[in-house]
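The values are calculated or read from the model by the stated rules, or taken from the named source; none is laboratory data. Because the structure is predicted, anything quoted here is derived from the model rather than measured. All Cβ positions, glycine included, derive from the backbone under ideal geometry; neighbour counts span all protein chains shown.
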Amino acid sequence: MCNNSSWHMDKSNLENSLFTVYYILVCIVAIPGNILALWVFFYNYKCDTNIVFLRNLALADISYILILPMRIIYHMSDNNWLLGEPACRLLGFFFYLNMYGSLYFMMCISLDRFLAIVFPVKSIKLRKPVYAKIVSVILWVMLITSMFPMLLSNQTLQRNATTECLQLYREKTSRIALVSLSIGFIIPFIAVLCSYIAIAHALWRGGNIKETIKNKAIKLTVMILVIFVICFVPYHVSRFAYILAFNQKNRPCTSAHFHSNRITSALTSLNGALDPIMYFFVTQKFRNSFLKLVCRKEGNNIGQLST
């Protein structure tokens, strides 16, 4: 059994302060960024396969942003869960729904770019919005079904006059989780990696690919790989090691794994802030809408100063 209680108490105040500030900063970027993304993708874009997947990626991000205030309250309350059992269950449900929703919709975006660039003519019939919508519905059904058991079992624990939400950082688990962890991460990661290797090879060969399409593909490739490396790879590597070490009693080892588990879990929330940055660089209408909002705000400020 992991023995992390004494280490956890030693670091509690600093940890809670850092996590509180961190989640607030993520909210400041993620909430307006993803609201703008949803507005642009649903109302200002002609529907195509890429936009269908981007819409669903933004929806996945919103599902995680909804639970960030819960994490902020938890850390501001000195690791005491005050929101009750239902909220704890919802927190775990939306955390994994967002994370794996983001992973699989990024995989869909990558595969769509792969078909568009490597097989531009052959994939025309396959790359239709209706098929993208069907794939999206299937993915959501699979994700919700696989996460639904979290809503049915008790996830809070009373300890030392405080209430713990076991879904916050999943600090207790079994080796059975290694299977779902591997399926949930390795499949989209390999698909994304292989897609972009093939895209890079196609771009290197040149051919009749337009310069604008090349630039967009390069930007999208770099951004998705950066998001994978920063947000998801550390968590899954750390989680894998944490599960393997769970039954060890060597305190220095388990303390390190406990610390890594919490930090990398928090890093996954950066996905909600980084995705709008990706939209800014790869989608013209999102960039234009963002710049219009900024310019309008600056114009209002200048007008107020001049009166």
For LEU126, state whether it is in a loop (DSSP other than H, G, I, E, B), of a type outside the set (S, T, N, Q) and closer than 27 Å to ILE67 by Cα.
-> no
Quick one: would you say ILE67 is touching a residue at least 24 places away in the same chain (Cβ under 8 Å), in contact with a Leu (Cβ under 7 Å, 6 or more places away or on another chain) and farther than 26 Å from PRO129 by Cβ?
-> yes
Count of residues meeting criterion [within 20 Å of ILE65 (Cα to Cα) and either touching a strand residue (DSSP E or B) at 6+ places or on another chain (Cβ under 9 Å) or outside any helix (DSSP H, G or I) (or both)] in segment 264-298 = 2
Before we move on, is ASN79 of a type outside the set (Ser, Thr, Tyr), crowded, with 16+ Cβ neighbours inside 10 Å and not in a helix (DSSP H, G or I)?
-> yes
Search segment 230-244 for residues that are surrounded by 16 or more Cβ atoms within 10 Å (Cβ to Cβ) and pair each with any residue that is of a type in the set (Phe, Trp, Tyr) when their beta-carbon atoms are under 7 Å apart and the residues are at least 6 apart or on different chains.
-> PHE232/PHE185; HIS236/PHE185
Output yes when any residue across segment 127-138 is surrounded by fewer than 18 Cβ atoms within 10 Å (Cβ to Cβ), without any contact (Cβ under 8 Å) to a residue 40 or more places away in the chain and touching a strand residue (DSSP E or B) at 6+ places or on another chain (Cβ under 6 Å), and no when none is.
-> no
Being more than 24 Å from LEU293 (Cα to Cα) and surrounded by fewer than 16 Cβ atoms within 10 Å (Cβ to Cβ) is the filter; apply it to segment 34-72 and report the residue that is farthest from the chain's Cα centre (by Cα).
-> ASP48
The residue that is modelled with the highest pLDDT, considering only those in segment 191-218 that are surrounded by 14 or more Cβ atoms within 10 Å (Cβ to Cβ) and of a type in the set (D, E, K, R), is LYS216
Only one of PRO234, PRO188 that is out of contact with any Gly (no Cβ under 8 Å at 6 or more places or on another chain), part of a helix (DSSP H, G or I), farther than 30 Å from ASP78 by Cβ and at pLDDT 85 or above = PRO188
Within segment 245-273, the residues that are surrounded by fewer than 20 Cβ atoms within 10 Å (Cβ to Cβ) and modelled with pLDDT of 85 or more are ILE263, ALA266, LEU267, LEU270
Please name all residue pairs, on different chains or six or more residues apart, with Cβ atoms under 8 Å, provided the first residue is in segment 163-185 and is farther than 23 Å from SER102 by Cα and the second residue is buried (at least 20 other Cβ atoms within 10 Å of the Cβ) and at pLDDT below 65.
-> LYS172/CYS2
